[in-house]
Amino acid sequence: MNFLEKVNSLSKDKLKSFISLIEKKGEDFGVYPLSKEEEGLYCSYKLDEGKNNPYYNICFKIELKNYVDYKKVITSINELFNSQEVFKYKFIEIQGKTYQYVDKESKIDIEEVDLSSSNINDLNSLILENETSFKNKSFILETDNPIRFKVIKINETRISVLISIHHIISDGWSVGIITKSFINYYFGIEDKTNHSEYGDYIIEQKNNKEFFEKGLEFWKKKLGNSNQFLDMPTVFKRDIYSENKGKCKSIVIPSEISNKLREEAKKHKCSIHAVLLSIYYILLNKYADKKEINVGTPLANRENIDFKDTVGFFATTIVLPLCCSEDMTFSEALDEIRETLYEGLEYQNIPLQEVLNSINIERREGINPLFQTTFSVHSKKLLGSINEEIKYGDTSVIVTNLESKEVNDFQFDLSMIATEATNGEIELECDYLENLFTDKRIDSLLNSYVYLASQVVENENKKINEYSLVNKDELEKIYKDKILNYEPKVKLNTFNISKDIISIKTTKGKVAVLDERLENIPSGFFGDIYYCFNDTWFDTGESGCIDEDGNLIINEEKSKIVQVNNEIINKLNIENELKEKFTTIINELENEIFELAGEPFNINSPKQLGEVLFEKLELPVIKKTKTGYSTDVDVLEKLRDEHPVIEKLLEYRQLTKLNST
């Protein structure tokens, strides 16, 4: 009688006693509650129950070539299966609560296929057929092992080991552990690492309620009033009824730029993650025309060294509310984003679903709540050298990801993944919704990222709004031989526009889409439309973009003019009146702050503000981060009664935020 049958056979009173026992010390019997990370995934799994959905499978293959011992392959798989309890977990629901237990009677699931006698012309299609059927087979967590294997003997010198593992007990880091363990068993490499079991992590999480509550409070304050929607321009209108299909495009940041980015990280005493994330922020800032941007950052969550070699679902996502003033230099913006990142890392083990449940989330149908884009950094060494051939004596080993790059139910509008390659380059991959973006638009974004990175490493002290995203040679190729049928509704002010500007011909003149510095912007990026007639440039008051095919797309919502009953109304005049009032008040506040502080300084620089408050004015230090003094809103609120400058600073931040919207 297995564990499930034993539980089902208990009387009502005995079941009640049993539940009480496993709640207190279930670990003594190999029974655990779900971890915080597993809870949300299990809920999704139950909603999809019966649909045979392979979405939760993490699939990869380890291929051995040249000198291969088939029996040793099978033995190594068995050793791998018995190396960690998590491979034998089964899931059970008892009176509405889900538990997982170690099924000690569990038997390994290995399917063996011999293709060595197959016709050589059919071999590739047979291999693909076997891989496809394997990766598309879903798991039943209540009865199946959460890991399964398939060994394909292709010929005497080539064997493929396919591994599929349910995401509820695994993550990207775990794939590296499984790969390394199999290779160590097969080649007899001694593994001196001692790992804890995933159950130990669950118990640690269960017993650490105080830290969990503190972390949850941190995220509530950080994200409660953040800008929850990016509203970035898309090629196609969002259709809430269409299936979210994901695609992938990639580009390489050359080693000469990548190495300088690493030097930038050393200079600012931060990780390459912070540098690359800062560049991504500037890209989104310019593309979406947003100052406040929530970016999800997937993390391994392996801070505790005891779990470094443990297979399990540890990975988490933190949401970083990024916000930098456009008059900041890249160097200052990097310091600001670095601080935000490091603060978030301190509470990375608070599951995202718990954060979402604790704050007031605005929901829009068909859009991921709180954040719609993610940015992560991977290391090829960490991921077990995916797609790279490694030699072990006479045997070659290649690890390949079997998961499809084109997936359904893709969650985010854009997901950017930077991978540090062994040759010094950084590979930049963009996963995106193909029902929102075209390949050309994503290529434009990726090229703009690399072009921006090349400028940052040359001069980190330019202001954010001074960096260009456009490669004019590429723009000329798009505009060449194009003639647009466009005439502006109205010609406003004349402008002295540089002759170097790349423009596109119209039937009566020419047109260009420019940024606030009257510089070209990449295809697909929105800016102000300027029209040239008889060698004179005019502001049209309209906003739009020229897409990757050379088409002019006008954005009425962002345009400065609106047509009402054949009358053109200039919205900018109204906005300017309000901005003038705000600017006057902000300037007066700045002077008051400088007077109270005893010196002028950059109020938007956390570093300079921290030095004034805590070194010059000697106010009590509430919180320090890895980068210095924290000057966030929570800190200023606690200092409100300590000095009159604090009240002015809080008022200044509120007004500058309003003025930027």
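Rg(Cα) of segment 541-654 divided by 2.2 N^0.38 Å?
Rg over 2.2 N^0.38 Å, computed on Cα atoms: 1.60.
Which of the aspartates and glutamates could a cross-linker span from Lys61 if the Cα-Cα distance has to be under 12 Å and same-chain partners fewer than 8 positions apart are dropped?
Partners found: Glu131, Glu403.
Dipole of the chain (Lys/Arg Cβ +1, Asp/Glu Cβ -1, origin at the Cα centre): which of Val151, Pro522, Asn368 lies farthest to the positive side?
It is Val151, whose Cα lies furthest towards the positive end.
When ligands, DNA and RNA are left out and all protein chains stay put, how many square angstrom of accessible area per residue does segment 225-284 have with a 1.4 Å probe?
Value for segment 225-284: 49 Å² per residue.
Under the rule of at least 5 residues apart or a separate chain, name every residue whose amide H is placed under 5 Å from the amide H of Leu402.
HN-HN under 5 Å from Leu402: Cys59, Phe60, Lys61.
What size of dipole, in debye to the nearest 20, comes out for the chain about its Cα centre when the only charges are +1 on Lys and Arg C-beta atoms and -1 on Asp and Glu C-beta atoms?
820 debye
When a/c is below 1.5 the answer is rounded, else prolate if a/b is larger than b/c, else oblate, so apply that to segment 162-244 with a ≥ b ≥ c taken from the square roots of the Cα gyration tensor eigenvalues.
It comes out oblate by the Cα gyration axes.
On a 30 Å Cα-Cα criterion, which of the cross-link pairs Lys440/Lys463; Lys107/Lys247; Lys104/Lys214; Lys90/Lys221; Lys560/Lys638; Lys472/Lys560 come out too long?
With Cα atoms farther than 30 Å apart: Lys107/Lys247; Lys104/Lys214; Lys90/Lys221; Lys560/Lys638.
Skip the ligands, DNA and RNA, and give the accessible area per residue of segment 467-626 with a 1.4 Å probe, whole Å².
Result: 58 Å² per residue.
Report the one residue of Ser118, Tyr392, Ser498 whose Cα lies farthest in the direction of the positive end of the charge dipole of the chain (charges on C-beta: Lys and Arg +1, Asp and Glu -1; origin at the Cα centre).
It is Ser118, whose Cα lies furthest towards the positive end.
For segment 464-575, count the residues as N, evaluate 2.2 N^0.38 Å, and divide the Cα radius of gyration by that value, please.
Relative to the 2.2 N^0.38 Å estimate, segment 464-575 comes out at 1.03.
From the residues Ala288, Phe533, Ile19, which one has its Cα farthest along the dipole of the chain in the positive direction, the dipole being from +1 and -1 charges on Cβ of Lys/Arg and Asp/Glu about the Cα centre?
Farthest along the dipole direction, towards plus: Ile19.
For segment 145-193, with only Lys/Arg (+1) and Asp/Glu (-1) charged at the beta-carbon, what is the dipole magnitude about the Cα centre, in debye rounded to 20?
180 debye
Under 17 Å between alpha carbons: how many lysine pairs meet that in segment 287-400, if sequence neighbours fewer than 8 apart on the same chain are excluded?
4
First compute the accessible area of the chain with a 1.4 Å probe, then give the percent of it belonging to carbon and sulfur atoms.
Of all accessible area on the chain, carbon and sulfur atoms account for 46 percent.
For segment 5-20, what does the Karplus curve 6.51 cos²θ - 1.76 cosθ + 1.60, with θ = phi - 60°, yield as ³J(HN,Hα) per residue in whole Hz, taken in order and with x for Gly and Pro?
Result, rounded to whole Hz: 5, 5, 5, 5, 8, 6, 6, 4, 5, 5, 5, 4, 5, 5, 4, 4.
HN-Hα J couplings of segment 104-109 from phi, Karplus 6.51/-1.76/1.60, θ = phi - 60°, integer Hz, Gly and Pro as x?
5, 8, 5, 10, 4, 9
Return the long-range amide H neighbours of Leu322 (sequence gap of 5 or more, or a different chain), with a cut-off of under 5 Å between placed amide H atoms.
Amide H neighbours of Leu322, under 5 Å, 5+ apart: Ile293, Asn294, Val295.
From the Cα trace of segment 12-53, what convex hull volume per residue do you get, rounded to a whole Å³?
With only Cα atoms used, segment 12-53 gives 112 Å³ per residue.
Amide H to amide H under 5 Å from Ile502: which residues, 5+ apart in sequence or cross-chain, H placed 1.01 Å off N in plane?
Asn520
For segment 185-196, what does the Karplus curve 6.51 cos²θ - 1.76 cosθ + 1.60, with θ = phi - 60°, yield as ³J(HN,Hα) per residue in whole Hz, taken in order and with x for Gly and Pro?
5, 5, 8, x, 7, 5, 10, 8, 7, 10, 10, 7
The values are calculated or read from the model by the stated rules, or taken from the named source; none is laboratory data. Bear in mind that the values here come from a model prediction, so they are computed numbers and not experimental data. Here the Cβ is made from the backbone with ideal geometry for all residues, glycine too, and neighbour counts use every protein chain on show. What goes into the accessible areas is simple: the full protein's heavy atoms, side chains included, and nothing from ligands, DNA or RNA. Shrake-Rupley method; radii C 1.70, N 1.55, O 1.52, S 1.80 Å.
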